Amino acid sequence: MSEVSCESHEGHGYIEHKDELLKRLRRAEGQVRGVHRMVEEDAYCIDILTQVSAATKALERVALALLDDHLSHCVAQAAAEGGEVATEKLKEASDAIARLVR
């Protein structure tokens, strides 16, 4: 495996779950539109916050699914190869996890 193969369209680990990810993203998009509509309609703050929380959780589920696919596909392949590519992929995954938990 080379870094290029993991970054090419055919090499993405999520490709097998793409439809599920798109479904989750559409759900999150609808929730964000709902938040927008609620603000426009001067909805109760707590109700808006509840919707924001739901949209946030939906995006977190997408992020975790992508991270899981990345670890089991790109990082696992790089680790098997070893060397600089493995080090780069592990750092990349670690940085992504750090961004998610901030």
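Quick notes on this structure:
- Members of the stretch 54-79 that are small (Gly, Ala, Ser) and farther than 22 Å from Leu22 by Cβ: Ala76, Ala78, Ala79
- For Gly82: the one exception among (1) small (Gly, Ala, Ser); (2) loosely packed, with under 11 Cβ neighbours inside 10 Å; (3) at pLDDT below 90: (3)
- Sole residue being at pLDDT 95 or above and surrounded by 12 or more Cβ atoms within 10 Å (Cβ to Cβ), chosen from Leu66, Leu25, Leu71: Leu25
- Number of the exception - Ala43 against (1) part of a helix (DSSP H, G or I); (2) surrounded by 13 or more Cβ atoms within 10 Å (Cβ to Cβ); (3) of a type outside the set (Lys, Arg); (4) modelled with pLDDT of 95 or more: (1)
- Residues that are among the hydrophobic types (A, V, I, L, M, F, W, C), under 15 Å from Gly13 (Cβ atoms) and touching a residue at least 40 places away in the same chain (Cβ under 8 Å), drawn from the stretch 72-102: Cys74, Ala78, Ala80
- For the stretch 85-102, a residue qualifies if it is buried (at least 17 other Cβ atoms within 10 Å of the Cβ) and of a type in the set (Lys, Arg), and exactly one does: Lys89.
The values are calculated or read from the model by the stated rules, or taken from the named source; none is laboratory data. The model shown is predicted, which means the values in this text are computed figures rather than measured ones. For neighbour counting, all protein chains shown are included, and Cβ atoms are generated from backbone atoms with ideal geometry for every residue, glycine included.
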